[in-house]
Amino acid sequence: MRPFAYVSATDVAGAVRAISAEPGARFLGGGTNLVDLMREDIERPGTVIDITRLPLDGVEELPGGGVRIGALVRNSHLAAHPLIRARYPVLSQAILTGASAQLRNMATVGGNLMQRTRCVYFYDGAADCGRREPGAGCDAIGGFTRNHAILGASDRCIATHPSDMCVALAALDAEIEIESVRGTRRVPLTAFHRLPGDTPHLETVLAADELITAVELPASALAATSRYRKVRDRASYAFALVSVAAALETGEGVVTGVRLALGGVAARPWRAHEAERALLGAPATEESFLRAAEAELAPAVARSQNGFKIELARRTIVATLRQVLTEGGAA
Amino acid sequence: MTETPVRDRPARERTGRSVGRPIDRVDGPAKTTGTARFSAEYPYPDIAYAALVHATITRGRITGIGAEEALAVPGVLAVITHTNAPPMKPPPPVSVLNLSSLASGSKVNYLNTDEVHWSGQPVAVVVAETQEAAAQAAGLVRVTYQESPATVDFAGEQGNATPQKSNPLQQGEGHKGDAEAALAAAPVSVDLRYTTPPHHHNAMEPHATTAAWDGDRLTVHDGTQNIGWLRTALAQRFGVPAEGVRVIAPFVGGAFGGKTMVWAGTVLTVLAARVTGRAVRMTLTREGVYRTVGGRTPSAQRVALGAGADGRLTALIHTSVTQVGRVGGSPEQVTSQSRHLYDAAAILVQQRIVELDMLSNTVMRAPGESIGTFALEAAVDELACELGMDPIELRMRNEPERNPIDGKRFSHRMLREAYALGAERFGWADRTAPPGSMRDGRWLVGMGVASAYHPSWEMAANVTVRMSADGTVLVRCGFHEMGMGGATAQGQIAADALGVPFEAVRVEYGDSDLPTGPGAGGSAQTASVAASLTKACEKLRRSLLALARRSAGSPLRGARPGEVEARDGGLHRAGHPGSGESYAAILTRAGRPFAEAAVGSDTRAGTVAGQVRFMSKFLMDRRRWMKAACGAQFCEVRVDQDTGEVRVSRWVGAFDVGRVINAKTAASQLRGGIVMGIGMALSEETLVDPRNGRIMNPSLAEYHVPVHADIPPIDVCYLDEPDPTMPLGLVGIGEVGITGAAAAVANAVHHATGRRVRDLPITLDKLL
């Protein structure tokens, strides 16, 4: 790790002032990803701005039934929150499948949004990685691609986004509140992370001087009947090969509402709009689920080792929708 | 993971009150309270810290090293490279007369050469006032290279494999009859290919060394599995007398074979201390361990079995290809168990190796048998399916009376009994045979079984035992405590041999100032120390009796050794309660503060004599007996029918490991082996990029050892029948637990799904 300056902010205005003065600085929340990346010499901030003292650690009910989540709410706190468990069980469940209890106790909501990929070539300084070094190639292509993207990848980068929480947020139409010296703006979660294209080093739409202050979940009757299914190589403490966040509402055997998002398949949490379109108004049957999965996965591209993810995603979508249909939302 | 109660067998004929009991490990409190000191925790005034710089090319030469930026980091003391390092002697050629010659992890003379032999080889070491400065500066050393072509693709090189040679410790090719012809003629047969990936040990404690020179005297704290080898190796490399090298390693935070050899980190810490004149500490990063300490070789295996309709094997063929580094490595005896497990009419075993431009492979828990039993025992299961026969029944029909290839006698073998015990505890009779026939909701349920097998070994060990006038006993032997409970077991053995309470015995270990112990490897340490310890206790009893019988006041006056037994803290006439006296009384009357007995000598002549004695006993034993631990592994899995996720839901391991010295630590060892076997079966794989031989997942996040949630309750039981040819009848248990485990999982997965996965690990993509 390289030496860095440390400053601590006490309010949002001070934090965004500090970063606008030094756009190469990084905000420190739980540090569960940033500090690792600094140890690996991948993140090299000259200044670290500690924001853990900012008053952004509340979970509040909004008029109309939505929920506002402060950017510094710890993952474990959010997962256990009664409002979240009752209204957005998919979110609680997604968080609890991630990392370990110790990490969830430290990790923040804002930090989770900013997680960087776990591609092993991104982590190896001896490898070419255009996500790490702008303009560099991608050693993952032609190498170990088992964990890599099947949707939205490019010839410059095939990495996936590692977050579970964000997959649930994508399904829930979450919005992100962002603050800077220029003011406040809001971005839908699904527009927050970028696909790699020719510029894989640009991972989100967050500008270098911006701070995530909150995530807002709109009210949704549908969201109460939701689940998260994560498929991985061991029972715990592994990133998703494929994950599915699903909310489903049916009436008289027909799908009247659905939200679906996938994890482990792309550089961003993947909202499955095609599948949703196929499902809405269709009979709530295994056949419909399968057709919807196939519609979403039609553009999927397999690399040398990750072709199984297409089949796995198909099966996991169907199995998760089936479970929501037959068992309801997560308890 | 849930701890299951250890089977507490009714006390059979035991030698005394301590052996066999589930006594808590004596090192437990020190470890749980944090007072146990590991190699990176010894304080030295003015200590400096070191960090490695690793090569980023696969093969070639260093053309330039830019150290300016690194040297500019505040606190940096030195950047040591091949351009400025003092010369070291190269590692010696391997010789059976000097087994420590086996100790070099690789043949590379680090920092004494500009050659790069694998991606990750250390090319510089940075020494600094702090760990942080050393690590930061290591990242700033700029190295340029001229690359050479390299051969790194194991799968692609198999056509170039060459036969593995035999040596006194390892057999190469073996055969009985014409197995290929017998296979071709067999009414029922299978001919199958298996692969296993590279593995790494992932001990909780990464390799760490603290080294301090005082003139030509050297003190080294290093979590080694072989203090004797390390001491000799360091003396040789640095050209100093071995007597001046002290190795201190009372606690080793897990090793599994990864700390048997002397690897770069150890040598370069000692070098850094030599160069800087400071005590130096180096704790490898997890990545550093992967890049500089060898792991388990990958393997490609063929198992072909032919049988009559009655299940009697007519042909057994097991061949393997494994890898070594061009700069060293330990050829792996993959087919070892296939020489001993089945009474086949014709047998062929053959092992071949390829040499790659990669770091040497090394021993890892049950080298050979761990991956060899996977292929053999999975193939036996496939044959059972072909025959329509229960897989246990098939094994029982082929259980040999004598060692199949050469007709040697088994010193002791109770595999039938292990299967009977395990099957009963597991509920094997409830299994319905057709694959896919057992379900639990969305889970497909499968039950699998496989044999465990590991040869038992015994090495030389020097031991002293001292009885003090206060009745306490001190056992001294430089053996190793990597978590197995060695000190506890030896304390139990000494207590019974001398007839004293366990609490009266103290055991000193883990220090080269002590009599030289055996290496901790081959599941041999407990038996090796026990052999010498029981002899030393016998000598000590005799010398104490000699003191007593010469003494007018002793109730033992005139007693002959045959008439006397050790019990109740002293010596007593056998069969005459009260007709004896305590050791304390004997020593006090004689005016002696203590009496001591030794087995083996650490003088130069004594060491040579010890090695000759060991080798001749070893070879003699080998000619007469086939000795091994064995067992039956029973596994139940649940496989998600949508996603192919496999979860192990139950396990029973029934073992024949001779006499068990400590029921608690023994069960932990066996259980730990099974956990590692489950990892091997389902998730562990070192990812080596076939383009450049570079390890791509050198971290505990991406190399998937099992987590607690992957491990069900494990029921470990054993037969506790002594092996008549082994000290106290004990057979090593450190490795047998992992053997057969992966096959039991694979066989259970087949039973659940009807799918055979012959390439480990059994990840869910292989079941979709």
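Points to keep in mind about this one:
- Filter result (under 13 Å from B:LEU348 (Cβ atoms) and basic (Lys, Arg)) within the stretch B:154-200: B:LYS176
- Residue check for A:GLY143: within 14 Å of another protein chain (Cβ to nearest Cβ) and open to solvent by less than 30 Å² (accessible area, probe 1.4 Å): yes
- Scanning the stretch A:40-55 for residues that are open to solvent by 20 Å² or more (accessible area, probe 1.4 Å) and touching a Ser or Thr at 6+ places or on another chain (Cβ under 7 Å) gives a single hit, A:ARG53.
- B:ALA752 touching a strand residue (DSSP E or B) at 6+ places or on another chain (Cβ under 7 Å) and surrounded by 21 or more Cβ atoms within 10 Å (Cβ to Cβ): yes
- Among helices (runs of 4 or more DSSP H) entirely within the stretch B:363-453, having at least 1 residues that are surrounded by fewer than 19 Cβ atoms within 10 Å (Cβ to Cβ), among the basic types (Lys, Arg) and within 27 Å of the chain's Cα centre (by Cα) singles out B:415-426.
- B:HIS708 meets the conditions (1) surrounded by 22 or more Cβ atoms within 10 Å (Cβ to Cβ); (2) at the interface with chain A (Cβ under 9 Å from one of its Cβ atoms) in every case but one. The failed one is (1).
- Meets criteria (away from every other protein chain (no Cβ under 14 Å), under 27 Å from B:PRO404 (Cβ atoms) and either open to solvent by less than 40 Å² (accessible area, probe 1.4 Å) or at pLDDT 95 or above (or both)) for B:LYS617: no
- Taking (1) away from chain B (no Cβ under 14 Å); (2) not in a helix (DSSP H, G or I) in turn, A:MET1 satisfies each apart from (1).
- Yes/no for A:VAL48 being in contact with a helix residue (DSSP H, G or I) (Cβ under 7 Å, 6 or more places away or on another chain), closer than 28 Å to B:PRO74 by Cβ and away from every other protein chain (no Cβ under 14 Å): no
- B:ILE714 meets all of the listed conditions (1) open to solvent by less than 10 Å² (accessible area, probe 1.4 Å); (2) modelled with pLDDT under 95 but one, namely (2).
- Taken together, the criteria exclude B:ARG671 from residues that are in contact with a strand residue (DSSP E or B) (Cβ under 9 Å, 6 or more places away or on another chain), in contact (Cβ under 8 Å) with a residue 60 or more places away in the chain and open to solvent by 20 Å² or more (accessible area, probe 1.4 Å).
- Taking residues in the stretch A:100-128 that are over 22 Å from A:ARG68 (Cβ atoms) and away from chain B (no Cβ under 11 Å), and partners anywhere that are surrounded by 15 or more Cβ atoms within 10 Å (Cβ to Cβ) and of a type in the set (Asp, Glu), the pairs with Cβ atoms closer than 9 Å and at least 6 places apart or on different chains are A:ARG116/A:GLU43; A:ARG116/A:GLU203; A:THR117/A:GLU203; A:ASP128/A:ASP139.
- Residue list for the stretch B:454-465, restricted to those being part of a strand (DSSP E or B) and surrounded by fewer than 24 Cβ atoms within 10 Å (Cβ to Cβ): B:THR464
- The helices (runs of 4 or more DSSP H) found wholly in the stretch A:264-331 and carrying at least 2 residues that are away from chain B (no Cβ under 14 Å) and either open to solvent by less than 30 Å² (accessible area, probe 1.4 Å) or within 30 Å of A:SER154 (Cβ to Cβ) (or both) occupy A:273-279, A:286-297.
- Residues being at the interface with another protein chain (Cβ under 8 Å from one of its Cβ atoms), surrounded by fewer than 24 Cβ atoms within 10 Å (Cβ to Cβ) and among the hydrophobic types (A, V, I, L, M, F, W, C) - total across the stretch A:222-238: 2
- For the criterion of being touching a residue at least 24 places away in the same chain (Cβ under 8 Å), closer than 19 Å to B:VAL380 by Cβ, of a type in the set (Ser, Thr, Tyr) and buried (at least 19 other Cβ atoms within 10 Å of the Cβ), B:THR686 fails.
- Some residue of the stretch B:664-677 being at the interface with chain A (Cβ under 8 Å from one of its Cβ atoms) and touching a Lys or Arg at 6+ places or on another chain (Cβ under 8 Å): no
- Among (1) closer than 29 Å to A:ASP50 by Cβ; (2) over 16 Å from the mean Cα position of the chain (by Cα) - the single one A:LEU189 does not satisfy: (2)
- Conditions (1) farther than 29 Å from A:PRO82 by Cβ; (2) crowded, with 17+ Cβ neighbours inside 10 Å; (3) touching a strand residue (DSSP E or B) at 6+ places or on another chain (Cβ under 8 Å): number failed by A:LEU37: (3)
- Residue match in the stretch B:560-575 (condition: without any contact (Cβ under 8 Å) to a residue 40 or more places away in the chain, under 32 Å from the mean Cα position of the chain (by Cα) and at negative phi): no
- For first residues located in the stretch B:426-449 and free of Cβ contacts under 8 Å to residues at least 12 places away in the same chain, partners that are aliphatic (A, V, I, L, M) and surrounded by 14 or more Cβ atoms within 10 Å (Cβ to Cβ) and lie 6+ apart or on another chain with Cβ distances below 8 Å form the pairs B:ALA429/B:ALA423; B:THR432/B:MET438; B:ARG439/B:VAL445.
- Residues in the stretch A:148-164 that are buried (at least 24 other Cβ atoms within 10 Å of the Cβ) and either out of contact with any Gly (no Cβ under 6 Å at 6 or more places or on another chain) or within 13 Å of chain B (Cβ to nearest Cβ) (or both): A:HIS148, A:ALA149, A:ILE150, A:ALA153, A:ILE158, A:ALA159, A:HIS161, A:SER163.
- Condition met for B:GLY257 (open to solvent by less than 20 Å² (accessible area, probe 1.4 Å), on the phi > 0 side of the Ramachandran plot and not charged (D, E, K, R)): yes
- Taking the listed residues B:THR725, B:THR763, the one that is among the β-branched types (Val, Ile, Thr) and either closer than 24 Å to B:ASP390 by Cβ or within 14 Å of another protein chain (Cβ to nearest Cβ) (or both) is B:THR763, with no other qualifying.
- Matching residues, the stretch B:464-507, being of a type in the set (S, T, N, Q) and in contact (Cβ under 8 Å) with a residue 40 or more places away in the chain: B:THR464, B:SER468, B:THR488, B:GLN490, B:GLN492
- Residues of the stretch B:625-647 satisfying the condition of being touching a helix residue (DSSP H, G or I) at 6+ places or on another chain (Cβ under 7 Å), within 14 Å of chain A (Cβ to nearest Cβ), open to solvent by less than 10 Å² (accessible area, probe 1.4 Å) and not in a loop (DSSP other than H, G, I, E, B): B:VAL637, B:VAL639
The values are calculated or read from the model by the stated rules, or taken from the named source; none is laboratory data. Everything numeric in this text was worked out from a predicted model, so none of it was measured. Because the Cβ atoms are built from the backbone with ideal geometry, glycine has one as well, and the counts that use them run over all protein chains shown. All accessible areas refer to the heavy atoms of the entire protein, side chains included, with ligands and DNA or RNA removed. Shrake-Rupley method; radii C 1.70, N 1.55, O 1.52, S 1.80 Å.
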